[in-house]
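Down below is the structure, laid out as structure tokens.
The values are calculated or read from the model by the stated rules, or taken from the named source; none is laboratory data. These figures come from a predicted structure and were not determined experimentally. Because the Cβ atoms are built from the backbone with ideal geometry, glycine has one as well, and the counts that use them run over all protein chains shown. Areas reflect the complete protein model, heavy atoms only, side chains present, ligands, DNA and RNA absent. Shrake-Rupley method; radii C 1.70, N 1.55, O 1.52, S 1.80 Å.
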Amino acid sequence: MAGFFVGAYEHPARLATDKSAPMLHAEVAAGALADAALTLADVDGYFCAGDSPGVGPLSIVEYLGINPRYVDSTDIGGSSPVLHVAKAAQAIEMGLCDVALVTLAGRPRAEGDRPGGQVQLTTFPENEFELPYGPYLAASYALAARRHMHEYGTTSEQLAWIKVAISQHAQHNPHARLPKPVTVEEVLASPMVADPLHRLDCCVISDGGGAVVLAREEIARSLKRPLVKLRGAGHAIGYQRGFEMDITRTAGIASGQAAYAQAGLTPADIQYLSTYDSFTVTVLFAIEDLGFCAKGEGGRFVADNGLLSGVGRLPVNTDGGGLCSNHPAHRGGMTKVIETVRQLRGEAHPAVQVPNCTLAMSHGTGGVLGQRHGCATAILERVA
């Protein structure tokens with residue numbers, strides 16, 4: 001594909017009481033463009049999702065003062081930015097734009113959002129049938145986790161190992177909300193939120209955001225930045241289908257297969273994975289559904305630091321992920337792309353940098369696990 005990543009930036013704020021959402025979008029855009037040695041005047045493609053204030057991209061385009069030839073505001077929940085980088089690369093390949101900016105930002109922590117409240121908006125058409133039964137966010141993930149335990153013997157201790165590994169990574173991130181490493185015992189001793197998920201099985205709530213910039217190859221090579229390109233991508237939608245859905249499986253099966261097919265690669269080729277970690281079980285399902293192990297074997301795969309950089313078989317979320325560092329605007333997809341770019345550029349913290357990382361994956365699971373959700377998968381490659 002024709003898209004090359006030339007800029008990436010994550011906002012350092014985790015609590016932004018002194019900034020509006022449009023300001024956060026503007027600051028992450030400025031940061032990513034500065035990283036690319038470009039300006040707003042160079043941007044002719046813009047991509048955003050539901051975290052963008054206003055109608056689609058209209059308000060933020062005006063706020064930024066850009067004049068894009070191409071815009072896209074497709075929304076599949078928190079996985080939207082992973083989809084957007086693929087759509088940006090496609091737009092560049094088709095000649096619809098030369099420099100594409102993707103932003104995500106929000107301030108739910110400053111606004112006092114309660115965990116999971118956003119899934120109960122009365123405007124959702126399904127809610128008149130579901131709200132009477134209390135489909136809270138954590139409970140839906142807990143239901144999927146409990147079913148996986150029933151089917152495959154997965155344990156709470158195995159889920160806790162996911163938090164442990166990611167917390168070990170987070171200690172090297174000066175901006176992480178939860179930088180202190182934790183143990184399996186501490187995860188299991190934390191308060192129960194929705195059985196079997198404990199508080200430390202859940203992601204943080206944070207403000208901030210991030211942005212990436214993609215450009216056509218000639219521009220990318222002129223900027224003298226490490227070259228990272230999109231090798232393959234896919235996305236898919238999952239939903240109940242009259243309660244026939246196997247809630248231990250996600251649309252990541254289809255999005256991952258599409259990405260591998262387009263890239264001409266297999267799971268064995270991937271050296272690093274940035275994957276959605278709204279809950280520990282979200283990571284477990286992604287690892288299985290993306291083919292890194294068979295369905296039902298995820299618990300054994302992640303145990304005993306299986307995801308720890310430098311130790312485990314598959315380094316995951318070396319920035320601390322949503323479980324420990326940042327989940328801005330209740331949407332974790334952008335940070336997954338940013339850390340993937342860092343790894344491929346060799347710019348991750350030295351303690352967690354994957355040696356000679358040339359192929360890495362970003363994966364998002366937006367919406368609600370076990371209900372309607374959208375998955376997007378992108379394989380990125382460092383090139384000479």
**Q.** Lone unmet requirement of (1) within 22 Å of Glu381 (Cβ to Cβ); (2) surrounded by 17 or more Cβ atoms within 10 Å (Cβ to Cβ) for Val283
**A.** (1)
Q: Residues being under 21 Å from the mean Cα position of the chain (by Cα), more than 15 Å from Pro68 (Cβ to Cβ) and not in a helix (DSSP H, G or I): count how many of those fall in segment 2-52.
A: 17
**Q.** Members of segment 41-57 found to be at pLDDT below 95 and among the hydroxyl-bearing types (Ser, Thr, Tyr), listed by number
**A.** Ser52
Q | All positions within segment 250-270 that are outside any helix (DSSP H, G or I) and either surrounded by 17 or more Cβ atoms within 10 Å (Cβ to Cβ) or hydrophobic (A, V, I, L, M, F, W, C) (or both) | A | Thr250, Ala251, Leu265, Ile270
Q. Just one of the numbered conditions (1) out of contact with any strand residue (DSSP E or B) (no Cβ under 7 Å at 6 or more places or on another chain); (2) open to solvent by 30 Å² or more (accessible area, probe 1.4 Å) is not true of Pro191; which one?
A. (1)
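Do the conditions hold for Glu62, that is, is it part of a loop (DSSP other than H, G, I, E, B) and open to solvent by 60 Å² or more (accessible area, probe 1.4 Å)?
On the way: part of a loop (DSSP other than H, G, I, E, B): no; open to solvent by 60 Å² or more (accessible area, probe 1.4 Å): yes.
No: the conditions fail for Glu62.
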Q. What tally of residues in segment 207-249 results from selecting those that are hydrophobic (A, V, I, L, M, F, W, C) and part of a helix (DSSP H, G or I)?
A. 2
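Looking only at segment 343-362, how many residues end up being surrounded by 24 or more Cβ atoms within 10 Å (Cβ to Cβ) and more than 12 Å from the chain's Cα centre (by Cα)? Step through it out loud before you land on a result.
Narrowing segment 343-362 to residues surrounded by 24 or more Cβ atoms within 10 Å (Cβ to Cβ): 343-344, 348, 352, 360-362.
Pick out the ones that are also more than 12 Å from the chain's Cα centre (by Cα) and you get 343-344, 348, 352, 360.
Final tally of qualifying residues: 5.
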Q: Go through the residues of segment 323-334 one by one and say whether even a single one is in contact (Cβ under 8 Å) with a residue 12 or more places away in the chain, surrounded by 23 or more Cβ atoms within 10 Å (Cβ to Cβ), on the phi > 0 side of the Ramachandran plot and in contact with a strand residue (DSSP E or B) (Cβ under 9 Å, 6 or more places away or on another chain).
A: yes
Q) From the residues in segment 65-87 that are over 23 Å from Pro108 (Cβ atoms) and part of a loop (DSSP other than H, G, I, E, B), which one is least open to solvent (accessible area, probe 1.4 Å)? A) Ile66
